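Structure record follows, encoded as structure tokens.
Readers should treat all values here as calculations from the given coordinates under stated rules, not as data from a laboratory. Computed from a prediction, not measured in an experiment: that's the story for all the values here. Note that we place each Cβ from the backbone using ideal geometry, even for glycine, and neighbour counts take in every protein chain shown.
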Amino acid sequence: MRAPAVYGPGDRETLAYFRAAAWGIAPQPALSDARLSLIHVADLAEALARAVERPPPPSVYEIDDGQAGSHGYADMARAAGSALGRTERSVRIPRSVLGAIAAANGVLQFLGGPTRILTAGKVREIFHADWSVRDRRLASALDFVARYDLAAGFADTISWYRRQKWL
């Protein structure tokens with residue numbers, strides 16, 4: 001089962017995005033018309049549990065929140081802003097800037113610093129223009145419908161971060 005970007009309570013990889021959003025900034029790669037599929041961790045866990053209980057025929061499957069056409073970065077900014085009670089300003093970040101940060105992170109890690117999320121590999125992932133899920137066979141086979149759309153999922157995630165004082 002191939003999952004798209006997973007977010008939700010406890011996730012440290014998306015925390016940086018939500019921290020920026022709390023300041024009114026919605027960072028996004030400088031890509032036009034980029035699309036990505038997402039899924040809340042609770043929905044992914046449910047899909048996995050269903051697949052274990054009722055295994056579909058052997059194959060490679062994709063799963064996501066079921067949003068037709070996937071999401072754009074503007075959708076993420078709106079959902080984050082709504083959950084935070086503010087309007088987000090999208091900031092397009094060039095690949096060269098993220099690449100430089102990733103390179104610096106690599107040097108710091110090599111010198112014994114902490115592991116950083118933003119690496120050269122992560123920059124390549126971020127700048128891929130289309131991470132959309134198109135194959136809905138698994139959702140159909142499992143009779144799976146995500147409980148969290150993007151707005152509800154981001155609200156749940158932000159609420160959890162606030163309770164844990166991460167945000």
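Of the beta bridges DSSP finds with both residues in the chain, what % are antiparallel, to the nearest 5?
Taking every DSSP beta bridge with both residues in the chain, the antiparallel ones total about 10 percent.
Hey, what did the range 1-51 get for relative contact order, percent, Cα under 8 Å, at least 6 apart?
With pairs under 8 Å counted, the relative contact order is 54 percent.
Build a GNM of the chain with springs between Cα atoms under 10 Å: which of Arg136, Arg116, Arg50 gets the top mean-square fluctuation?
Arg116
Taking only Cα atoms and a 10 Å spring cutoff, compute GNM fluctuations for the chain and point out the largest among Ala100, Ala146, Ala42.
Ala100
Please tell me the relative contact order of the chain in percent, rounded to the nearest whole number, where contacts are Cα pairs under 8 Å and at least six residues apart.
About 36 percent, as a whole number.
Pairs of Cα atoms under 8 Å, at least six residues apart: use those to get the relative contact order of the range 54-153, whole percent.
47 percent
Multiply the residue gap between Asp130 and Trp160 by 0.36 nm, knock off their C-alpha separation, and tell me the result in nm, one decimal place.
Net length gain for the segment: 7.9 nm.
For the chain, set up a GNM with springs between Cα atoms under 10 Å and report which of Val97, Val133, Val123 has the largest fluctuation.
Val97
What dipole magnitude, in Debye to the nearest 20, does the range 15-62 give about its Cα centre under +1 on Lys/Arg Cβ and -1 on Asp/Glu Cβ?
Here the size comes out at about 100 debye.
With point charges of +1 on the Cβ of Lys and Arg and -1 on the Cβ of Asp and Glu, referenced to the Cα centre of the chain, which listed residue (Ser132, Ser59, Val97) lies farthest in the positive direction of the dipole?
Most positive-ward Cα: Val97.
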